[in-house]
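Presented below is the structure to which this report refers.
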Amino acid sequence: MTKVGIIGAGHIGSTLARGLAERGYEVVISNSRGPETLADLVADIGDNVTPATAQDAAAAGDIVIVTVPLKNLEEVPVDPLAGKIVLDTNNYYWERDGRIEALEEKRTTTLGMLQEHLPTSKVAKAFNHIMSADILTTGSEAGTPDRRALATASDHPEASALVTALYDEFGFDTVDIGSVAESWRVERDQPAYVIAQTKDELVANLARATR
Ligand SMILES: NC(=O)c1ccc[n+]([C@@H]2O[C@H](COP(=O)([O-])OP(=O)(O)OC[C@H]3O[C@@H](n4cnc5c(N)ncnc54)[C@H](OP(=O)(O)O)[C@@H]3O)[C@@H](O)[C@H]2O)c1
């Protein structure tokens with residue numbers, strides 16, 4: 001059984017934990033305050049989920065999801081994530097995260113910040129442009145007309161391939177944007193951000209993005 005470590009147990013972390021546990025993954029989930037504060041969430045999800053520290057969730061996961069506010073990115077443990085595929089749901093909200101110069105000046109992307117923090121990990125964008133409430137409710141079987149699509153990006157093809165397979169399990173088609181450097185196309189305030197769209201519409205919206 002694939003183990004998924006999750007760093008962050010808020011809207012997205014808890015939703016993905018539930019969806020992954022339902023799909024037979026073994027989930028190890030963490031927040032900033034410690035495993036004991038996750039007792040209610042873990043009890044509510046039921047099987048296949050264990051609470052842990054961020055360090056232990058990072059170490060336990062065959063793959064790991066980072067889903068904390070961007071301002072807390074530097075706190076994500078580095079060593080236990082070495083060499084692993086790490087999925088990045090994060091977005092930049094200056095109102096929450098404070099002004100981040102490198103993003104404001106378009107010198108990096110939110111995904112680029114995580115790749116820089118985790119230089120030997122294989123980071124990929126995942127589930128960043130869908131509202132948490134839509135993740136378990138708007139998916140559908142492959143081949144369904146108007147199936148919703150989500151984007152990914154990575155410098156590591158095996159990481160994008162993993163996200164593509166995971167999106168399909170959650171009921172979504174995938175559009176692969178390409179590199180970390182191009183991942184700004186699916187960031188906040190771009191046309192593809194948090195709207196329901198088909199694969200063709202997502203391709204068009206990514207093409208319409210402006211830096
Ligand atoms: N909400 C959405 O619909 C949505 C959709 C797409 C993408 N996103 C993006 O995904 C990220 C997470 O969003 P969210 O809405 O899930 O945030 P959230 O509800 O505020 O939850 C954030 C979680 O991160 C945890 N955390 C903070 N620092 C940590 C650390 N050092 N180690 C471990 N856990 C830490 C918090 O733990 P404590 O509870 O202990 O503080 C909390 O569980 C953000 O970048 C957001 O912009 C959100």
> Of ASN128, ASN31, ASN72, which has the largest mean-square fluctuation in a 10 Å C-alpha GNM of the chain?
Replying inline: ASN72
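With every protein chain left in place, what is the accessible area per residue of the range 153-211 in square angstrom, probe 1.4 Å?
Working: 2710 Å² over 59 residues.
Ligands and nucleic acids excluded, the result is 46 Å² per residue.
Of LYS3/LYS71; LYS84/LYS106; LYS122/LYS199; LYS3/LYS199; LYS3/LYS84; LYS84/LYS199, which pairs sit farther than 20 Å apart, going by alpha carbon to alpha carbon? Kindly include the intermediate steps, with their values, before the conclusion.
Details: LYS3/LYS71 26 Å; LYS84/LYS106 27 Å; LYS122/LYS199 25 Å; LYS3/LYS199 29 Å; LYS3/LYS84 12 Å; LYS84/LYS199 28 Å.
With Cα atoms farther than 20 Å apart: LYS3/LYS71; LYS84/LYS106; LYS122/LYS199; LYS3/LYS199; LYS84/LYS199.
If the only charges are +1 at each Lys and Arg Cβ and -1 at each Asp and Glu Cβ, what is the size of the charge dipole of the chain around the Cα centre, to the nearest 20 debye? Intermediate values should be presented prior to the final figure.
Numbers: 19 positive and 32 negative charges, 74 e Å.
Result for the chain is approximately 360 debye, rounded to the nearest 20.
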> Rounded if a/c is under 1.5, else prolate if a/b beats b/c, else oblate: with a ≥ b ≥ c from the C-alpha gyration tensor eigenvalues square-rooted, which is the chain?
Replying inline: oblate
> Considering only protein heavy atoms, what is the solvent-accessible area of THR120 at a probe of 1.4 Å, reported in Å² to the nearest 10?
Replying inline: 90
> What is the Cα centroid distance between the range 72-123 and the range 1-71, reported in whole angstrom?
Replying inline: 19
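Given the DSSP H assignment, sum -39500 (n - 2.57) over each helix run of at least 4 residues in the chain and divide by its residue total; what's the result at 222 nm in deg cm²/dmol, nearest 500? Intermediate values should be presented prior to the final figure.
On the way: 9 runs with 70 residues, N = 211.
Calculated at 222 nm, the ellipticity per residue is -9000 deg cm²/dmol.
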> Pick from ALA196, ALA153, ALA126: which residue has the top mean-square fluctuation in a GNM of the chain where Cα pairs under 10 Å get a spring?
Replying inline: ALA196
> Which one of ALA82, ALA60, ALA151 has the biggest mean-square fluctuation once the chain is modelled by GNM with Cα springs under 10 Å?
Replying inline: ALA82
> Can you work out ³J(HN,Hα) from phi for every residue in the range 138-145, in order, using Karplus 6.51 cos²θ - 1.76 cosθ + 1.60 and θ = phi - 60°, giving whole Hz and x for Gly and Pro?
Replying inline: 10, x, 8, 4, 4, x, 5, x
> Given H placed on each backbone N at 1.01 Å, which residues far from ILE63 in sequence or on other chains put an amide H within less than 5 Å of it?
Replying inline: LYS3, GLY5
> Using a 1.4 Å probe on the protein chains only, how many percent of the accessible area of the chain belongs to carbon and sulfur?
Replying inline: 50
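Using only alpha carbons, build the gyration tensor for the range 23-102 and give me the equivalent ellipsoid semi-axes, biggest first, whole Å. Please report the intermediate quantities before stating the final value.
Numbers: eigenvalues 114, 50, 26 Å².
Computed over the range 23-102, the values are 24, 16, 11 Å.
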> What is the sum of charges around LEU136, taking Lys and Arg as +1, Asp and Glu as -1, for the other residues whose C-beta is under 12 Å from the C-beta of LEU136?
Replying inline: -1
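The values are calculated or read from the model by the stated rules, or taken from the named source; none is laboratory data. Predicted, not measured: the structure shown is a model, and the values here were computed from it. Neighbour counts are summed over all protein chains in view; Cβ atoms, including those assigned to glycine, are modelled from backbone coordinates with ideal geometry. Surface areas here come from the heavy atoms of the whole protein model, side chains and all, with no ligands, DNA or RNA. Shrake-Rupley method; radii C 1.70, N 1.55, O 1.52, S 1.80 Å.
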